[in-house]
Amino acid sequence: MMRHPHVWMGLLLWSVFGQANAAWTVNMAPGATEVSNAVFDLHMTIFWICVIIGIVVFGAMFWSMVLHRRSTGQQAAHFHEHTWVEILWTVVPFLILVAMAIPATKTLIDIYDASESDIDIQVTGYQWKWHYKYLGQDVEFFSNLATPTEQIHNKAPKDEHYLLEVDQPLVLPVGAKVRFLVTAADVIHSWWVPAFAVKRDAIPGFVNEAWARIDKPGIYRGQCTELCGKDHGFMPVVVEVKSKADYDTWLGERKAEAAKLKELTSKEWTLQELVERGDKIYHTTCVACHQAEGQGLPPMFPALKGSKVATGPKEEHLSVVFHGRPGTAMAAFGKQLSEVDIAAVVTYERNAWGNNKGDMVTPKDVLALKQAEAK
Ligand SMILES: [Cu+2]
């Protein structure tokens, strides 16, 4: 249908306001899926119906007012009730509404028909990030905001995709029917990608469905669109759509990584190995708050060197790292780090900076905790 309405709307507004502007973006965008195009066409159909109704109604009004003005000596007609006119102005709007309802219903049915999908993705909203799980594929990950804090605090110039960039985008193949199973782990979020015409509430304890079959490869961006707390504006959605072959390669790599990680979890680790691995994790993930020598930044961030927790029972130490301390800057790392990495970093903390406990938390301990939690 009208795929370039911005041209028409542009001309219309240009004639009204007498301005030329090369980039008119007043209209909705058609998007990148069949459904989003259907939604767009529907929008345009209804738009033009409204334009025609507007022209007819206001045309008749102004025509009557101008031609029958008093100054030309017009006399008011004195008629009451006119059966045919009344029937017409009931039947005509009714027919118009039916004519609009037919394509609208058809599109709506399409939007909700998530059956026979090729790929199922579980989308879970967290405060404040998204988690994607490729069902039946053993691949899952968190997608965190990647915009540096300097840009957020106006200390650096903002990128083109400011607040719309993540560390790991959701990757999908072109042309496949992808079903999204949308839920949340804490509060209500909403997963929205305008180009797919997908916007679905993510509600704890419920699973809402949506789907998309994306026509062209590319990067599509969206946002959480349900006010979900202080960082609601900091949990964007980024979807990278690849060719089928590239997607398969990517998925293969992710699966191999997952398999490798599983192997690492079940292997017998020595204290030395865990400490070495934990050293790296500590210096990428924990160092910002607890500092390089474990001295922390009291009173904001406690020291781990000599801390009661890091030198106390290992179950409690693991629990703090796994669950975090709700209400403080200490996040729950249980779902962010792998079992191996949690075990390694806890073991490292128990043996670094003179803590010398000489004991270790193994990946199997972490897995056991995880499984106990899942019950
Ligand atoms: Cu949210």
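The values are calculated or read from the model by the stated rules, or taken from the named source; none is laboratory data. What you are looking at is a predicted structure, and each value in this text was computed from that prediction instead of being measured. Methodologically, a virtual Cβ is constructed for each residue, glycine included, from the backbone with ideal geometry; neighbour enumeration extends over all protein chains shown. With ligands, DNA and RNA removed, areas are computed over all heavy atoms of the protein, side chains included. Shrake-Rupley method; radii C 1.70, N 1.55, O 1.52, S 1.80 Å.
For the charge dipole of the chain, defined by +1 on Lys and Arg C-beta atoms and -1 on Asp and Glu C-beta atoms about the Cα centroid, which residue among GLY294, TYR220, ALA76 has the Cα displaced farthest towards the positive pole?
Highest projection toward the positive end goes to ALA76.
Counting other Cβ atoms within 10 Å, which GluC sites (Glu not before Pro) in the stretch 128-227 have at most 15 and lie in a DSSP loop?
Numbers: sites: GLU140, GLU150, GLU160, GLU165, GLU209, GLU226; in loops: GLU160, GLU165, GLU226.
Listed in order of number, the matching sites are GLU160.
In degrees, nearest 10, range 0 to 90: what is the angle between the Cα axis of helix 339-351 and the longest Cα principal axis of the chain?
Tilt relative to the chain: about 40 degrees.
List the residues, sorted by chain then number, that are 5 or more residues from LEU181 or on another chain and whose placed amide H is less than 5 Å from its amide H.
Hits under the 5 Å cutoff: ILE121, GLN122, VAL123.
log₁₀ I(q)/I(0) of the stretch 46-142 at q = 0.10, 0.13, 0.14, 0.21 Å⁻¹, via Debye over equal Cα point scatterers, no solvent, to two decimals?
-0.61, -0.76, -0.82, -1.15
Suppose every Lys and Arg Cβ carries +1 and every Asp and Glu Cβ carries -1, with no other charges. What dipole size does the chain come out with about its Cα centre, to the nearest 20 debye?
Values: 35 positive and 41 negative charges, 122 e Å.
The calculation lands at about 580 debye.
Over the chain, with every protein chain in place, what whole percent of the accessible area is carbon and sulfur at 1.4 Å, could you tell me?
Here it works out to 62 percent.
With every protein chain kept in the model, how would you rank ARG179, ARG70 by accessible area, 1.4 Å probe, largest at the top? Provide the component values of the computation, followed by the final result.
On the way: ARG179 50, ARG70 205 Å².
Listed by decreasing accessible area, they come as ARG70, ARG179.
What trypsin sites (Lys or Arg not before Pro) in the stretch 191-281 are in a loop by DSSP, with at most 11 other Cβ atoms within 10 Å of the Cβ?
Of the trypsin sites (Lys or Arg not before Pro), the ones in loops of the stretch 191-281 whose Cβ has at most 11 other Cβ atoms within 10 Å are LYS230.
From the protein chains alone at 1.4 Å, what is the descending order of accessible area for THR285, THR25, THR90, largest first?
Working: THR285 55, THR25 120, THR90 90 Å².
Putting THR285, THR25, THR90 in descending order of accessible area: THR25, THR90, THR285.
Probe radius 1.4 Å, ligands and nucleic acids left out: which of ILE52, ILE342, ILE87 has the largest accessible area, and how do the rest follow? Write down the numbers at each step before the final one.
On the way: ILE52 105, ILE342 0, ILE87 75 Å².
Most to least solvent-accessible, the answer reads ILE52, ILE87, ILE342.
For ILE52 and SER243, what does the FRET efficiency come to when R0 = 45 Å and r is the distance between their Cβ atoms, rounded to the nearest 0.05? Don't jump to the answer; show the numbers that get you there.
Working: r = 43 Å, r/R0 = 0.95.
Efficiency at R0 = 45 Å is approximately 0.60.
Sequence-distant or interchain residues sharing an amide H contact under 5 Å with ASP159, placed H: which?
none
When the Kirkwood hydrodynamic radius is evaluated over all pairs of different C-alpha atoms of the chain, what value in angstrom, to one decimal, is obtained? Can you show the working numbers first?
Values: mean 1/r = 0.0391 Å⁻¹.
It is 25.6 Å.
Once both axes come from the Cα atoms, what is the angle between helix 34-67 and the longest principal axis of the chain, in degrees from 0 to 90, rounded to 10?
Long axis of 34-67 versus the principal axis of the chain: about 30 degrees.
In square nanometres and to one decimal, what's the mean projected area of the convex hull around the Cα atoms of the stretch 195-350? Write out the running numbers ahead of the final one.
Numbers: hull surface 49.9 nm².
One quarter of the hull surface, i.e. the mean projection, equals 12.5 nm².
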